[in-house]
Amino acid sequence: MQDLFEAARAAFGNAHAPYSRFHVGAAVRGASGRIYAGANVENASYPEGNCAEASALAAMVAAGERRITEALVVAAGERLCTPCGGCRQRLAEFGAPEVAVHLCAPDRLRRTVTLGELLPLSFSLGAAEGMGPRVVPENDDGGGGCGEDGNGGGEDDSRDAGGERGGAGNGGPGVGQEARSAVEVVRARRPDLRPRVGLILGSGLGGLAAAIEDATAIDYAELPGFPRASVAGHAGRLVLGAFAGVPVACLQGRVHLYEGVPAHAVNVLPRTLRALGCELLILTNAAGALRPDLVPGSVVLIEDHINLLGQNPLTGANDPALGPRFPDLSEVYDAALRARCQSVAARLGIALPGGVYLATPGPSFETPAEIRAFRVLGADLVGMSTVPEAISARHCGLKVLGLSIVTNLAAGLAAHPLSHEETLTQAAGAAVTVERLLHGLLEELAHDLQDPA
């Protein structure tokens, strides 16, 4: 089995999964003894794509073989990963019921079942009561091999027939599990910390993370399912520690739809914060102003938003364990928190007007005609982010507070062309004001946010 494992693990590392961020490798052994490996391959029509098992079988068929004697799947995550319904049928086309199917993590065997046992189940190894562990082959522990996990029954991270790892459920495959896996990484690094407040820092505001005390930084690349930030001004790190005496989890940088990621890719961010213990998510962004009184450098309290992104992060099958199918967005930005923030701003002598934020997909800035239309719609600010995180956060039960940093007057109002460089410069200049405001707010909220434990 070790040779199968090595082949599947190599394919796992080469998977093309820019949309789900969930890599899978598979290997099958033909009747000749030859091994054929494959990885999941996604494309812009996601969730359509090729499963790893289908890729491995295709390689076998192309080589002229028609029977498998053994199969193995490698995937990461806390819970067991089984082939989707379509791939179970594909495996059954070429394998007898007694064919062993090994289900592995990247470093070990987790469980082995026969194809006959796997095929009838409804996408879940837990669907059969008391199924328990089956075949336990040689114990290849050591040297990064596929040693047996010993977890037995009850694990499940099934994939439905719509695509890899749970289909498009709640905006993306396996995102619930990815949040759980990310939480495992965080708790391993900071077992002493239970954050109560989450922050997402927008363009040019990443420096605010330097104010976090006793900080531990974890790169997004280390957190399962976290999308990689690729835009200047977004470091792509989770910073854990204390701010104003409150335990916080700060996401230093975000991704945007114009980077080629779908809206549901952001779901893992607020869901991870919620699973870590956060009650409140503070969203910040850099925005253009549609009102002449909102001059560059102003900090604006977001009262509501208009979603013109053309996407919603909750599109797809809903998991009621994460949130309701039809979440109410009549108060996305918590009114009580906004009132507290206004009170703190007044005490600190910080001007804090309110406004409605309108989100466009970008990456091009808006035309003057579009800005005129947005003003008719009731927008005061325009940007390319924030709305997906706000929707996802409300869906999973987080309270939301939003702050925009005005970095420029919008097209048709400004006397010069717009640029991202100006955005970064103006945001960095206003970061001191934002830090003062948030420090004062969290000091005031500290008692309310005490860990009940």
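Would you say A27 is in contact with a helix residue (DSSP H, G or I) (Cβ under 8 Å, 6 or more places away or on another chain) and part of a strand (DSSP E or B)? Answer is yes for this residue.
In segment 19-52, the qualifying residues are those that are of a type in the set (S, T, Y) and surrounded by fewer than 18 Cβ atoms within 10 Å (Cβ to Cβ), and the one that is nearest to C87 (Cα to Cα) is S45. Here is the figure for segment 242-261: residues that are assigned to a loop (DSSP other than H, G, I, E, B) and in contact with a helix residue (DSSP H, G or I) (Cβ under 8 Å, 6 or more places away or on another chain) total 5.
Looking only at segment 319-354, count how many residues are part of a loop (DSSP other than H, G, I, E, B), surrounded by 10 or more Cβ atoms within 10 Å (Cβ to Cβ) and either not charged (D, E, K, R) or not assigned by TED's automatic domain parsing to the domain that holds T284 (or both). Steps first, please.
Initial filter on segment 319-354 (part of a loop (DSSP other than H, G, I, E, B)): 319-334, 349-353.
Checking the rest, the ones that are also surrounded by 10 or more Cβ atoms within 10 Å (Cβ to Cβ) come to 319, 322-325, 327, 329, 331-334, 350-353.
The next check asks that each one be either not charged (D, E, K, R) or not assigned by TED's automatic domain parsing to the domain that holds T284 (or both); those that pass are 322-324, 327, 329, 332-333, 350-353.
Residues that pass the stated criteria total 11.
State yes or no: is D304 under 30 Å from G378 (Cβ atoms), assigned by TED's automatic domain parsing to the domain that holds R338 and not β-branched (V, I, T)? Criteria met by D304.
Search segment 371-415 for residues being polar (S, T, N, Q) and either surrounded by 24 or more Cβ atoms within 10 Å (Cβ to Cβ) or outside the structural domain of V356 (by TED's automatic domain parsing) (or both), and hand back the single one that is farthest from L301 (Cα to Cα). If you could, list the steps in order and put the result at the bottom.
Narrowing segment 371-415 to residues polar (S, T, N, Q): 385-386, 392, 404, 407-408.
Checking the rest, the ones that are also either surrounded by 24 or more Cβ atoms within 10 Å (Cβ to Cβ) or outside the structural domain of V356 (by TED's automatic domain parsing) (or both) come to 385-386, 392, 404, 407.
Numbers: S385: 15, T386: 13, S392: 19, S404: 6, T407: 14 Å.
Going through the qualifying residues, I end up with S392.
In segment 1-16, the residues that are under 19 Å from E48 (Cα atoms) reach residues that are acidic (D, E) and in a strand (DSSP E or B) with C-beta atoms within less than 9 angstrom, at least six apart or across chains, in these pairs: A15/E42; H16/E42.
Any idea which of V300, V295, V332, V344 is in contact with a Pro (Cβ under 6 Å, 6 or more places away or on another chain) and touching a residue at least 24 places away in the same chain (Cβ under 8 Å)?
On the way: V295 fails: in contact with a Pro (Cβ under 6 Å, 6 or more places away or on another chain); V332 fails: in contact with a Pro (Cβ under 6 Å, 6 or more places away or on another chain); V344 fails: in contact with a Pro (Cβ under 6 Å, 6 or more places away or on another chain).
Just one listed residue meets the conditions, V300.
Scanning segment 67-86 for any residue that is more than 13 Å from A27 (Cβ to Cβ) and assigned to a helix (DSSP H, G or I) turns up at least one such residue.
The values are calculated or read from the model by the stated rules, or taken from the named source; none is laboratory data. The model shown is predicted, which means the values in this text are computed figures rather than measured ones. Ideal geometry is used to build each Cβ from the backbone, glycine not excepted, and the neighbour counts take in all protein chains shown.
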